[in-house]
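Structure record follows, encoded as structure tokens.
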Amino acid sequence: MIVQTKQKSKEQLHEELLKPDTITGSEMLLRSLLLEDVDCVFGYPGGAVLYIYDAMHGNSDFNHLLTRHEQGAIHAADGYARSTGKVGVCIATSGPGATNLVTGIATAYMDSVPLVVITGNVATTVIGTDAFQEADITGITMPITKHSYLVRDVKDLPRIIKEAFHIASTGRKGPVLIDIPKDVSNDTAAFYYPENVEIRGYHPTLHPNKLQVDRMLEAIAESERPVIIAGGGIVYADASKELIEFVEKTRIPVTTTLLGLGGFPSAHDLWLGMPGMHGTYAANHALQNCDLLIGIGARFDDRVTMKVNGFAPKAKKIVHIDVDPAEIGKIVETAIPVVGDVKTVLQLANLKAKPSKSEQWIGWNQENKKNFPLSYQDSDTELKPQYVIEMINDTTKGEAIVTTDVGQHQMWTAQYYKFNHPRSWITSGGLGTMGFGFPSAIGAQVAHPDRLVVSINGDGGMQMCSQELAICAINKIPVKIVVINNQVLGMVRQWQELIYDNRYSHIDLAGSPDFVKLAEAYGVKGLRASNKEDARRVWQEALDTPGPVLVEFVVRKEENVFPMVTQGSTIDQMIMGDS
Amino acid sequence: MTRKHTISVLVNNQPGVLQRVSGLFGRRGFNIESITVGESEEKGLSRMIIVTTGDDNTLEQVSKQLYKLVDVIKVVDLSSNPMVARELALIKVNAEPGIRPEILGVVETFRAAIVDIGPNTLVVQVVGDSEKIDAMTELLKPYGIKELSRTGVTAMIRGMVK
Ligand SMILES: Cc1ncc(C[n+]2csc(CCOP(=O)(O)OP(=O)(O)O)c2C)c(N)n1
């Protein structure tokens, strides 16, 4: 594995790092990252970051993983961050290196993932002249970063790094970009690392207004049909325990959004499943019939609400708890806004929380859960993708870290894998980035060398970052890579079948590589199955094999994800499918 | 109800901050009728005055989204208070010598000023609220406006802010 246990103790290391030597910008960067306790950086060198890479040479304290594409590096840093809660870091050179990060930055921004993205730039003396490999990366990424810096003076570098980590990891988290011109990385100055951060325009509200929390508790006590919609904010604020306590005290059924999965245990009676376009009957009907809706760290994405002006029509009040005030009232009208850190808000609420009058309502919801479960028609002749996910779930018992790419397999995993723990589910929700699944698993595995990491991908998305197989092979990163091969761009096929009248336009993935041979070409073990029996056997073999393994499951091409709510419908107008 | 809002935004005087603010308006579908920027009473901080239209919800979102920018320090909706709003315009108008007295009459009634005289043009400078400048422009149109340049609105709340 990449991350070795450090020889020096942390205190020893910090003492060395904090020495006020006169050093280059590059050395400052490495020292600062180590002082931020970054244990692995993902990156790719090039002209504008050569001083930085030179400073890494022979530095045994600093771990760097060389990916095969900058997109691989940033998704890996993202997987590292989502699986740990720490800030993920990646480095790329100027121009094409930096622009290759754009998709990954937008992915992290949409899902509020803390990243510090370091890019090189051409020297300050030629910035603005269309110099070789120059791109205005701070300009390009302005709409998709929480904040960004172009460092003009080496003396500012340590302060900027300190601020960047602070901004990325506090309040609503997100990616922060630091663009370092080549001459700045070679300039020298005396090193200092600030202890505190003071940014005048940046003070996230963490402690809620107590009156609003009381108003929420009153509304709960009065309500007969309350429901909670919990989003990624629960996971990011490490507030799962507090949520369980809150739910048990107030007796409110819970639905977790795509990014909220794992934030509340799926085995709990009061859990209703995922809401929205591919949500469960129970979750969607609870939302449409509730009299009180409590959003917690969820932003009412259109994949959840579908037709907004028919969403939660019977809710007399909506409560919205979020650390980002701009989310409140953005999509749905909110009667009780609670701005603050979700964990802090729930801790406060838990002190006084009392049950709502929900027992009858709970019964109604449980009936829905029982009468309209997720289901599919299994087959003995063809392998069904849902079967594969259930099998992975059975064998890992919900204890693996699971990442997915984007498409049908993503929705089936969200539906059929039963998550018990926060931070064990990693998927691109907001941007829906194909190519994310596999490299994000590498980052998660680097951060958790001893856990089982399973990456579930479509045959389309797997081909968007498959070059990172090299990284797994060479560094013995033991990700179990699953390819659900339906030979088409499945989710697109589904829409073309159901919404575009079977007009299948450019979805055929003929010409895909033999995935087993592709894996083997990189030195990764490859296995394949196309029936249930083989599926069980090869999957077990994969689990029993140390190191990375790619398993291709050849599944029925025509399978669709159900339930489904189509655009323009309200979430209770669900196509239930062919089970 | 959709109406005009004049917002004052105090920002760090950093490179790119105007791009951040104006980009946010464009991206989020808020319109900008006018935007002016200049130094503020405090070193290192600039003040932007933005005129936009929208209902109260839009205004609330504009302000919340602006506060998300790390370089934004304070956002105030000036138009919810009694305020002074002023704009300056320079108008170059065709003015053969024979017609000048007539133009001068217009300029005087508006308490505007002639700031340049060419062989057959005058440059008129007018300061006031946007409506006054619109009116001045209308009145000068018949003479033939060769060039018009407006600064956009700058504004502040009257008297003391509590
Ligand atoms: C980078 C990118 N390009 C295009 C899309 C649009 N898109 C969403 S799902 C999908 C099909 C995915 O096919 P595949 O990877 O085979 O997975 P499946 O749906 O078959 O499980 C496409 C093209 C996307 N989400 N991301």
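Observations
- Around the amide H of A:ASP378, modelled in the peptide plane, lies no amide H under 5 Å away from a residue 5 or more places distant or on another chain.
- Packing-based ranking of A:356-362, B:147-153 yields A:356-362, B:147-153, ordered from highest to lowest mean Cβ neighbour count within 10 Å.
- Shape category assigned to segment A:280-370 from the gyration tensor of Cα positions, a/c cut at 1.5: oblate
- If you wrap the protein assembly as shown in the convex hull of its Cα atoms and look at it from every side, the mean projected area works out to 38.1 nm².
- Residues A:ASN475 and A:ALA190, FRET efficiency given R0 of 35 Å [Cβ-Cβ distance, rounded to 0.05]: 0.45
- Averaged over the residues of peptide A:319-330, the number of Cβ atoms from other protein chains lying within 10 Å of each residue's Cβ is 3.
- B:ASN31-A:ASP130 FRET efficiency (beta carbon distance; Förster radius 41 Å; 0.05 resolution): 0.80
- Prolate/oblate/rounded call for segment A:1-70, Cα gyration tensor, a/c under 1.5 rounded: oblate
- Heavy atoms of the protein chains alone define the surface here; on that basis segment A:185-295 has 36 Å² accessible area per residue at 1.4 Å probe size.
- Segment A:54-186 - charge dipole about Cα centre, Lys and Arg +1 at Cβ, Asp and Glu -1, debye rounded to 20: 500 debye
- Protein-protein interface of segment A:135-165, residues with accessible area decrease of at least 40 Å², isolated chain reference, 1.4 Å probe: A:MET142, A:PRO143, A:HIS147
- Helix axis angle, B:100-109 relative to chain B longest principal axis, alpha carbon, degrees: 40 degrees
- Segment A:1-123: Rg to Rh, with Rh as the Kirkwood radius over Cα pairs: 0.96
- Basic side chains Lys and Arg get +1 at the Cβ, acidic Asp and Glu get -1 at the Cβ, and with that the dipole of segment A:172-241 about its Cα centre reaches some 180 debye.
- Here the translational diffusion coefficient of segment A:408-515 follows from Stokes-Einstein with Rh set to the Kirkwood radius across Cα pairs; for 20 °C and 1.002 mPa s it amounts to 142 µm²/s.
- Peptide B:65-71 is shielded by partner chain Cβ atoms: per residue, an average of 6 of them sit within 10 Å of its Cβ.
- Helix B:130-140 axis versus longest C-alpha principal axis of chain B: approximately 20°, rounded to the nearest ten.
- Other protein chain C-beta atoms within 10 Å of residue C-beta, averaged over B:129-142: 0.
- Spin-label model distance (nm) - A:ARG536 vs A:ASP269, 7 Å beyond Cα toward Cβ: 3.3 nm
- Charge dipole (chain B, unit charges on Cβ, about Cα centre) - positive-most of B:ASN94, B:VAL37, B:GLY152: B:VAL37
- Listed residue pairs exceeding 28 Å between alpha carbons, taken from A:LYS86/A:LYS480; A:LYS241/A:LYS384; A:LYS162/B:LYS74; A:LYS162/A:LYS476; A:LYS249/A:LYS316; A:LYS182/B:LYS64: A:LYS241/A:LYS384; A:LYS162/A:LYS476; A:LYS182/B:LYS64
- Rg ratio for segment A:362-420: its Cα radius of gyration over 2.2 N^0.38 Å, N being its residue count, equals 1.28.
- Candidate lysines for bridging to B:LYS146, where Cα separation is under 30 Å - those fewer than 8 sequence places away on the same chain excluded: B:LYS4, B:LYS92, B:LYS132
- Rg and Dmax of segment A:267-328, both derived from C-alpha coordinates alone, stand at 11.7, 33 Å.
- Report note on the peptides A:146-152, A:171-177, B:101-107: ranked by the mean count of other C-beta atoms within 10 Å, highest first, their order is A:171-177, A:146-152, B:101-107.
- Sorting the segments A:527-533, A:8-14, B:49-55, A:178-184 by their mean number of nearby beta carbons within 10 angstrom, highest to lowest, gives A:178-184, B:49-55, A:527-533, A:8-14.
The values are calculated or read from the model by the stated rules, or taken from the named source; none is laboratory data. Nothing here was measured: the structure is a model prediction, and the numbers come from that model. FYI the Cβ positions are ideal-geometry reconstructions off the backbone, even for glycines, and counts take in every protein chain you see. Side chains included, ligands, DNA and RNA excluded: accessible areas come from the protein's heavy atoms. Shrake-Rupley method; radii C 1.70, N 1.55, O 1.52, S 1.80 Å.
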